[in-house]
Amino acid sequence: MAKSLTQMAADIVSAQASHVTMSADEMDAAIKKVFETLSYIKGLEDRPGEAVDDELAKLRANPMKSIKRNHVVNLEDGSKYKQLTAKTLAKFDLTAKEYRKKWGFSARQPLSAKSLSAKRRKSAKALGLAEKLAAARKAKRKPAVKKKAAPARNKAAPKKKRVVRRKKKA
């Protein structure tokens, strides 16, 4: 069975008193001080924030696990978001690119919950954005190919050749 804080404080002070002579007032003050210290330590152990810090430490060790189904855990402070925005990261003086580099994410990794990414992917497919993007890229490449094949000619009037006249010696 675990000892109470009072029993532990008394044991600590009695061990100290066996090596050092102490008056009754000194023992009383020592017991109070040790009890307060033990209470403070117990409070630190029992705080729920400690469990959050342990979880954050695990996520920092493996950052890919911070991107969950319904939220993303900010590895800077442990808060949860649907998406890490530029405004959120600005609180820590980071851009999305710097955040990805700092925590080892690839440049293409979305900093949003998996459900949000899936929802966006589904709506993009429904709108046919992939085909529209491919067509736009193809259309953009065609004029560039024509310019390489036949250089454009200046349709303005041809430049006149400059004639240099020399003076005759008299």
Quiz item: Do any helices (runs of 4 or more DSSP H) lying entirely in region 1-120 carry at least 2 residues that are among the basic types (Lys, Arg), and which ones are they?
Solution: 24-46, 48-61, 96-103
Exercise. Scan region 57-80 residue by residue and report those that are among the hydroxyl-bearing types (Ser, Thr, Tyr) and more than 18 Å from Glu98 (Cα to Cα).
Key: Ser79
Self-check item: Residue among Ala124, Ala118 that alone is surrounded by fewer than 13 Cβ atoms within 10 Å (Cβ to Cβ) and out of contact with any Phe, Trp or Tyr (no Cβ under 7 Å at 6 or more places or on another chain)
Solution: Ala118
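Computed from the coordinates by the stated procedures, all read-outs in this text should not be read as laboratory data. Fair warning: this is a prediction, and the values are worked out from it, not measured in the lab. Here the Cβ is made from the backbone with ideal geometry for all residues, glycine too, and neighbour counts use every protein chain on show.
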